[in-house]
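Asks: Here it is: the structure, laid out below.
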Amino acid sequence: MQSIRSFFRAAWSSAERLDGKTVVITGANTGIGKETAIDLAKRGAKILMACRDPERGQAAVKEVIENSGNENVVFMKLDLADSKSIRECAEAINKGEPQLNILINNAGVMVCPYGKTADGFEMQIGVNHFGHFLFTYLLIDLIKKSAPARIVTVSSMAHSWGSINLEDINSEKSYDKKGAYSQSKLANILFTRSLAKRLEGTGVTAYSLHPGVVQTDLWRHLSGPQAFVMKMVSPFTKNSSQGAQTSIYCAVEPSLEKESGGYYSDCAPATPSAAAQNDEVAQKLWDLSCQMLSVTWE
């Protein structure tokens, strides 16, 4: 029993400080995003909590300030299911912040019923991949200017059950909510690999990660056998604080400064699926993403 628990709960700690640094965390009002915000705020960073719901976001800002003792925590309105909101948030950050040292693409939706974003993308690929792709693209010049800097994208071990359907990226021909979620998490890793190559020599590094099996609001769409399985394994799952550790590790661990493009789990390097290491598909996904978002990102 203990060995199973330790498998899910790797211990890691660091006294690394982030004084004078600025961090943006998407989906920071709940779950591992909020715990990441608390930890990095304790390290002295200015935290921009980019969240969809202003009421919940402001409440989370207050909680982060109370738990960290750091007053330099700000709410930013960001709806990753709407490119207009993404552009407005990025513009506010670019105009209002002289630097951006760490971007944590944390927000996500999981195995939700079929739906579309404001831009017509299937909700899971739209929020988890396209939304963060566009947000990162719009902030990349500020991030480069702030180097050394890091971009951390939260993926999942669920990526290993997925594939990228370039011919039907929005699942319009058929929809399987688990498959769509796995595709979006695979896209996170492929995005990170491609991003790291494009950032070589800039002082900006990129990481993707599996946070562990974490009890969060993402479970709310689970039903039937899936819900039963998660209930059975819940004694071995991580709480939000434990689930945030690999995000924090990728954001602050000094030894990662020269590493980029890798995938991490339990605060250590991990090996993603073969599909997640396919650079040809990664390039095609990158090109498709640029095309669908109407951006040019060489």
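Condition check ((1) charged (D, E, K, R); (2) under 16 Å from the mean Cα position of the chain (by Cα)) across all residues:
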{"site": "Leu80", "(1), (2)": "no, yes"}
{"site": "Ser83", "(1), (2)": "no, no"}
{"site": "Glu88", "(1), (2)": "yes, no"}
{"site": "Ile104", "(1), (2)": "no, yes"}
{"site": "Phe135", "(1), (2)": "no, yes"}
{"site": "Leu139", "(1), (2)": "no, yes"}
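Asks: Kindly indicate the residue of the stretch 186-208 that is in a helix (DSSP H, G or I) and of a type in the set (Ser, Thr, Tyr) and also nearest to Gly115 (Cα to Cα) among those meeting that condition.
Replies: Looking at residues that are in a helix (DSSP H, G or I) and of a type in the set (Ser, Thr, Tyr), I get Thr192.
Asks: Does the stretch 42-66 hold any residues that are under 25 Å from Ser146 (Cα atoms), crowded, with 18+ Cβ neighbours inside 10 Å and either under 18 Å from the mean Cα position of the chain (by Cα) or not β-branched (Val, Ile, Thr) (or both), and which are they?
Replies: If the condition is that a residue be under 25 Å from Ser146 (Cα atoms), crowded, with 18+ Cβ neighbours inside 10 Å and either under 18 Å from the mean Cα position of the chain (by Cα) or not β-branched (Val, Ile, Thr) (or both), then Arg43, Ala45, Lys46, Ile47, Leu48, Met49, Ala50, Cys51 are the ones that fit.
Asks: Let me ask another. Tell me which residues, restricted to the stretch 17-36, are more than 13 Å from the chain's Cα centre (by Cα), assigned to a helix (DSSP H, G or I) and under 17 Å from Ile151 (Cα atoms).
Replies: None; the set is empty.
Asks: Only one of Ile104, Ile151, Ile125 is outside any helix (DSSP H, G or I) and either within 12 Å of Ala187 (Cβ to Cβ) or in contact with a Cys (Cβ under 9 Å, 6 or more places away or on another chain) (or both); which?
Replies: Ile104
Asks: Output yes when any residue across the stretch 56-75 is in contact with a Ser or Thr (Cβ under 6 Å, 6 or more places away or on another chain) and either under 28 Å from Glu253 (Cα atoms) or modelled with pLDDT under 95 (or both), and no when none is.
Replies: Within the stretch 56-75 (the criterion being in contact with a Ser or Thr (Cβ under 6 Å, 6 or more places away or on another chain) and either under 28 Å from Glu253 (Cα atoms) or modelled with pLDDT under 95 (or both)), the answer is no, since none of the residues qualifies.
Asks: I would also like to ask the following. Considering only residues of the stretch 78-97 that are in a loop (DSSP other than H, G, I, E, B) and free of Cβ contacts under 8 Å to residues at least 60 places away in the same chain, which is surrounded by the fewest Cβ atoms within 10 Å (Cβ to Cβ)?
Replies: Asp82
Asks: Restrict the check to the stretch 238-250 and report whether at least one residue is assigned to a loop (DSSP other than H, G, I, E, B) and at pLDDT 95 or above.
Replies: no
Asks: For Glu280, are the conditions met, namely being exposed (fewer than 15 other Cβ atoms within 10 Å of the Cβ), modelled with pLDDT of 95 or more and under 30 Å from Ala15 (Cα atoms)?
Replies: no
Asks: A further question on this structure: In the stretch 219-228, is there at least one residue being surrounded by 19 or more Cβ atoms within 10 Å (Cβ to Cβ) and at pLDDT below 95?
Replies: Scanning the stretch 219-228 turns up no residue that is surrounded by 19 or more Cβ atoms within 10 Å (Cβ to Cβ) and at pLDDT below 95.
Asks: Could you please give the count of residues in the stretch 253-277 that are crowded, with 17+ Cβ neighbours inside 10 Å and closer than 26 Å to Gly201 by Cβ?
Replies: 9
Asks: May I ask you to list the residues in the stretch 195-208 that are in contact with a Gly (Cβ under 9 Å, 6 or more places away or on another chain) and either at pLDDT below 95 or crowded, with 21+ Cβ neighbours inside 10 Å (or both)?
Replies: Of everything in the stretch 195-208, those that are in contact with a Gly (Cβ under 9 Å, 6 or more places away or on another chain) and either at pLDDT below 95 or crowded, with 21+ Cβ neighbours inside 10 Å (or both) turn out to be Leu195, Thr205, Ala206, Tyr207, Ser208.
Asks: Out of everything in the stretch 155-185 that is assigned to a helix (DSSP H, G or I) and basic (Lys, Arg), what residue ends up being nearest to Gly131 (Cα to Cα)?
Replies: Lys185
Asks: Take the conditions of a type in the set (Val, Ile, Thr), at pLDDT 95 or above and touching a Ser or Thr at 6+ places or on another chain (Cβ under 6 Å) and apply them to Thr36. Does it pass?
Replies: Considered against the rule, which asks whether it is of a type in the set (Val, Ile, Thr), at pLDDT 95 or above and touching a Ser or Thr at 6+ places or on another chain (Cβ under 6 Å), Thr36 comes out as yes.
The values are calculated or read from the model by the stated rules, or taken from the named source; none is laboratory data. For clarity, every value in this text was computed on a predicted model and none was experimentally measured. In this analysis, Cβ positions are derived from the backbone assuming ideal geometry, glycine residues included, and neighbour counts consider all displayed protein chains.
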